[in-house]
Amino acid sequence: MPQPHALIAGAGIGGLTAALCLARQGWRVSLFEQAPVLEEVGAGLQLSPNASSILRTIGVLPHLAKAALQPRGLILRRARDASALLTLPLLDAESRWGAPYLVAHRADLQRALLETLAAHKDISLMLGMEVAGFATHGRGIRLVVKQGAVKRTFEGDCLIGADGVHSFTRARLLAAAGLPPAQPTGRRQRIAWRALVPAEKVSADLLLPRTNLWLGADTHLVHYPLRQGKVVNVVAVVETASAASAKEPFWAGSGDPAVLSRRFSNWAKPAQDLLAAAPQWRTHPLVAFPPLPFWSAARVTLLGDAAHPMLPFLAQGAAQAIEDAAALASALRKPGNIEAAFQAYQSVRLARASRVQAASHKQASLYHLKGPAAFARDMVMRFTAPEQALARYDWLYQPQNYPQDHLT
Ligand SMILES: Cc1cc2nc3c(=O)[nH]c(=O)nc-3n(C[C@H](O)[C@H](O)[C@H](O)COP(=O)(O)OP(=O)(O)OC[C@H]3O[C@@H](n4cnc5c(N)ncnc54)[C@H](O)[C@@H]3O)c2cc1C
């Protein structure tokens, strides 16, 4: 039987992980990335056990180990006075969920994936190649790729659209089914302000290995140390009533610190000091889409943000892309009917990813409560036992049972 050949659009976290999962089970993979270089963009990512277990199975974790940090816990605080509402012990993740809870810089995860990829001669990563068209024919897929002004075509057995939140592949699949393009969810605009603050500019307690989540009215703040405590990753999310829109590239806009500081002016001093210490802010409008009716059609399927763009309030976008990659490889592990395998992949993944999308959305409302509702939430949190709170995450963090024998 000839070696099966997958074409993947997009070399983000999802595309790189899918390439690795498929190559480990004997596939040839051609990965097309529109960016001319894989830049070290982004900031911190939390990698929950449902994702780290897969990264361990496919051999990425050893490449990430030095750069990643294992937070001891997640501490939730009230914005106004910094009082602790609840602490979740994350060091127990390995014994509870079978894999560690990690935080890492996105660029370090990307580097670890690329290092692992380098050992696979059957993966070719082509940069500066924008996927611009595709057609299914009897034996597979013909892909049209733009390289500068030149158009080239490539042949493969199937196409995996891992081309992110503004996915070209998704737009084409929906259009082919006579459906309108996916529209962002919600009537509120949420902007994430992201910064990396050098360790020497913050107090020692901010460098303790833990994830901090502060809750305020229409705002929240997340911070944790990264890169052996050399920097603190900070994400401040602010919400306004204007409609959600989002056509900015990842990690693009720069933010005026005076605007942010006004928005956080009634927060406790340690939070204000941390925000003031940031050398530079990047702003990023947060987009989420309602679940798609389908991900797969014939020999084309979607993966990662292309399939299920979600709000980052459960820190699951990359984690779900990693789960997709493992599930897709699992569905394709028996040679033969790719179309049936893509349908099987969709049926195991669409329901779970949709649940995570919905839960992330719900989390936004909970984090940003104000007035009596916020008071009630805080009271409930103060009286919640850590074990009870951890149990609420079991469905999410428990590694999924996508048969992975083929990946080991
Ligand atoms: C503020 C914030 C915090 C977050 N925190 C977390 C977290 O803690 N944990 C977590 O798991 N997730 C988190 N996420 C989400 C996470 O970053 C994304 O869900 C994840 O990176 C999606 O990966 P992806 O591979 O699907 O898409 P992307 O990373 O967007 O990759 C898509 C790739 O496709 C390329 N591409 C696009 N179009 C084409 C084309 N036509 N041809 C070729 N290439 C193309 C792009 O250049 C890009 O490289 C966060 C997101 C935000 C905004």
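Identify, please: which residue in segment 310-347 is touching a Gly at 6+ places or on another chain (Cβ under 8 Å) and more than 14 Å from Leu20 (Cβ to Cβ) and is, among those, modelled with the lowest pLDDT?
Met310
Being within 11 Å of the ligand (Cβ to nearest atom) and either on the phi > 0 side of the Ramachandran plot or in a helix (DSSP H, G or I) (or both) is the filter here; which residues of segment 88-109 pass it?
If the condition is that a residue be within 11 Å of the ligand (Cβ to nearest atom) and either on the phi > 0 side of the Ramachandran plot or in a helix (DSSP H, G or I) (or both), then Arg106, Leu109 are the ones that fit.
Looking at Arg210, Arg190, Arg172, Arg142 in this structure, which one is touching a residue at least 12 places away in the same chain (Cβ under 8 Å) and under 19 Å from the mean Cα position of the chain (by Cα)?
On inspection, the qualifying residue turns out to be Arg190.
Can you tell me which residue is nearest to the ligand (Cβ to nearest atom) among those in segment 311-364 that are more than 17 Å from the chain's Cα centre (by Cα) and of a type in the set (S, T, N, Q)?
Gln346
Would you check if there is a residue in segment 6-17 being within 16 Å of the ligand (Cβ to nearest atom) and free of Cβ contacts under 8 Å to residues at least 60 places away in the same chain?
The answer is no; no qualifying residue exists.
This table checks each residue for (1) within 11 Å of the ligand (Cβ to nearest atom); (2) assigned to a helix (DSSP H, G or I).
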residue: Asp163; (1), (2): yes, no
residue: His166; (1), (2): yes, no
residue: Leu173; (1), (2): no, yes
residue: Gln183; (1), (2): no, no
residue: Trp193; (1), (2): yes, no
residue: Val197; (1), (2): no, no
residue: Glu200; (1), (2): no, yes
residue: Leu206; (1), (2): no, yes
residue: Thr211; (1), (2): yes, no
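I want to confirm something. Restricting to segment 165-210 and keeping residues that are of a type in the set (Ser, Thr, Tyr) and surrounded by 18 or more Cβ atoms within 10 Å (Cβ to Cβ), which single residue is nearest to Pro312 (Cα to Cα)?
Looking at residues that are of a type in the set (Ser, Thr, Tyr) and surrounded by 18 or more Cβ atoms within 10 Å (Cβ to Cβ), I get Thr185.
Report, ordered by the first and then the second residue, all pairs with beta carbons closer than 6 Å, sequence separation of six or more or different chains, a first member in segment 391-408 that is at pLDDT below 70, and a second member that is not in a helix (DSSP H, G or I).
His406/Gln25; His406/Arg333; Leu407/Arg24; Leu407/Ile58
Ala65 passes all but one of (1) among the small types (Gly, Ala, Ser); (2) near the ligand (Cβ under 8 Å from one of its atoms); (3) free of Cβ contacts under 8 Å to residues at least 24 places away in the same chain; which number fails?
(2)
Scan segment 23-61 residue by residue and report those that are polar (S, T, N, Q) and either within 15 Å of the ligand (Cβ to nearest atom) or assigned to a helix (DSSP H, G or I) (or both).
Residues satisfying the conditions are Ser30, Gln34, Gln46, Ser48, Asn50, Ser52, Ser53, Thr57.
The values are calculated or read from the model by the stated rules, or taken from the named source; none is laboratory data. Note that the structure is a prediction, hence the values are computed from the model and not measured. Reconstructed Cβ throughout: ideal geometry from the backbone, glycine too, with neighbour counts over all protein chains shown.
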